[in-house]
Structure formats: C-alpha cells, structure tokens
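Each remark here refers to the structure printed beneath this line.
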C-alpha cells in the first residue's frame, strides 16, 4: 500500500512496522538411503547371494560418503601431449643399470612421471598444497603424494613422502614396494595415512577420462586416463600426437577455480617437458 504521514511519524519514533526475524536456516536435508530390507525387496528371493562387508570396505564407504557430502568438488580436465615423456622413458629404461643377473634395477612407468610432475607442480603453485580445516588453512612444505592402489576388497593410497625431492627411479622403486605390500595388506598405517594430494590412474584399464573423489585431508586428487594417438594442430598443421587426459578434482573451500587452473597448467607443462622435472 501507499505510505502516509502517520507511517513516517511512527518510523521516526521507532513504532513502525519491523521486518520479521529471519527463520533459522536449516541445512539441506540428505535423502535417507534405502534400508537393507527395502533393497532386497526389489529382487526375487534366491536370485542373489550376500557377501558380508569386511572392515576395509566399510571404512572406504564411510570415508567416501563423508567426502562427497562435505567437500564441494569441482573438476578441471586438460589434455597433455606425452610424446617427449614416452621418448624419455624409453631412453632412461634402456640405459638403466643392471644387477648381477642382467636385470634392470628399475623400469620407469608413465605413472612415475605423473607422480613426480604432480609433486613439482605443487611446489610451483604452493597455495594448492594445502588442507582445509575450520580453524585455518594448513600449508604444506613438501609434496606427499598418495597413489591409489587396487587390492582385493578395496583401495588404498600409499604415500610417496617428499616426492618433489626424489628421483624418478626412487619413486618407481618405492611404488613397486608399496603396491606389493598393499596387495598383501602389509602396509603400516603411517605409510598410507596423511599426504597432501593423491593420484588415481586408470589408464592401464583403457579408461580415457574419469573424475575421482577427494580423500581428506587432501584438497586435490588427479585422475589420469589412458594415452592414445589423436590429431592435434601445431603451427597450423594437423599432426598425430600421443595424448593423455587428466582431471583435477579440487576442494572449492581451499582452492578457487583460477588457482586450480594454475596447478593443472603447471602439471601439463611438466608432463609435456619431463626434463623440467629434473631442474
């Protein structure tokens, strides 16, 4: 309605209408999950068997549920030309020293380069080498890279500590040891707890592209797909290049879009020019 003289007088005296107090905001309600009984009712009795969850599978489920519900994820995908990396890997492996049985002391994988590149990239973009806490941002001095390893009944991420300081051959040796002991369930808690980021590589399964769930207290995780030959434009000409797609998942509480773009850009520069990892 219209404002009259009485409204103005009451407003001056403090007797006018006041805006109602805002109702307390309620957090978004999470839809309840289906009960075991509701799930089983959808299937014909005798058409299934139930395999009880072990402790590892339950822990993974709880952590991933909490992560996806409490961490605001966003995703950045970029294509990397790994032609130079493939050439460097072949040359390094050919020149690897051998033991008394003439077996090479190491054999580098593409994933070893990915771990090293991510470690160095975090040192170059240190504002991404962080963990979110309610009290403040934890800024890490070293790049401790967790690497996802599949094992019977679940997934575990042993950590390459101070990966930015280690050679590719050292990273390769540590990963082979971790992977073997992870599958035998012989890792110590301090070998897989903590870390500042993680790498998940499904390229060996032929997966081109995927997104990974951040594992707290990490603020990022890098999902690595397979490499394949694709046409690219260089200097106005179409050429065939060995390309690999990677997707960076970021915790938006700790890392903004532009900052995440800087990190994945630094990774791309390093993985495309592996000699820069050695500097």
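Here is the figure for segment 187-204: residues that are assigned to a loop (DSSP other than H, G, I, E, B) and surrounded by fewer than 17 Cβ atoms within 10 Å (Cβ to Cβ) total 3. Being more than 20 Å from the chain's Cα centre (by Cα), surrounded by 16 or more Cβ atoms within 10 Å (Cβ to Cβ) and modelled with pLDDT under 95, is that true of even one residue in segment 104-111? Looking through segment 104-111, at least one residue is more than 20 Å from the chain's Cα centre (by Cα), surrounded by 16 or more Cβ atoms within 10 Å (Cβ to Cβ) and modelled with pLDDT under 95.
Candidates 207, 221, 214: the one that is surrounded by 14 or more Cβ atoms within 10 Å (Cβ to Cβ), without any contact (Cβ under 8 Å) to a residue 24 or more places away in the chain and outside any helix (DSSP H, G or I) is 207. Touching a residue at least 40 places away in the same chain (Cβ under 8 Å), more than 23 Å from residue 244 (Cβ to Cβ) and touching a helix residue (DSSP H, G or I) at 6+ places or on another chain (Cβ under 6 Å), is that true of residue 153? Yes, satisfied. Looking at segment 82-117, which of its residues are within 26 Å of residue 140 (Cα to Cα) and in contact with a strand residue (DSSP E or B) (Cβ under 6 Å, 6 or more places away or on another chain)? 111, 114, 115 - these are the residues of segment 82-117 that are within 26 Å of residue 140 (Cα to Cα) and in contact with a strand residue (DSSP E or B) (Cβ under 6 Å, 6 or more places away or on another chain).
Within segment 133-147, if we keep just the residues that are in contact (Cβ under 8 Å) with a residue 24 or more places away in the chain and in contact with a strand residue (DSSP E or B) (Cβ under 6 Å, 6 or more places away or on another chain), the residue that is surrounded by the most Cβ atoms within 10 Å (Cβ to Cβ) turns out to be 145. Within segment 158-186, the set of residues being modelled with pLDDT under 95 and in a loop (DSSP other than H, G, I, E, B) comprises 184, 185, 186.
Yes/no per residue for (1) over 26 Å from residue 137 (Cα atoms); (2) under 12 Å from the mean Cα position of the chain (by Cα):
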| site | (1), (2) |
| --- | --- |
| 212 | no, yes |
| 220 | no, yes |
| 227 | yes, no |
| 233 | yes, no |
| 237 | yes, no |
| 247 | no, yes |
| 259 | no, no |
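The values are calculated or read from the model by the stated rules, or taken from the named source; none is laboratory data. Because the structure is a prediction, the values reported are computed rather than measured. Heads up, the Cβs are rebuilt from the backbone with ideal geometry, glycines too, and the neighbour counts pull from every protein chain shown.
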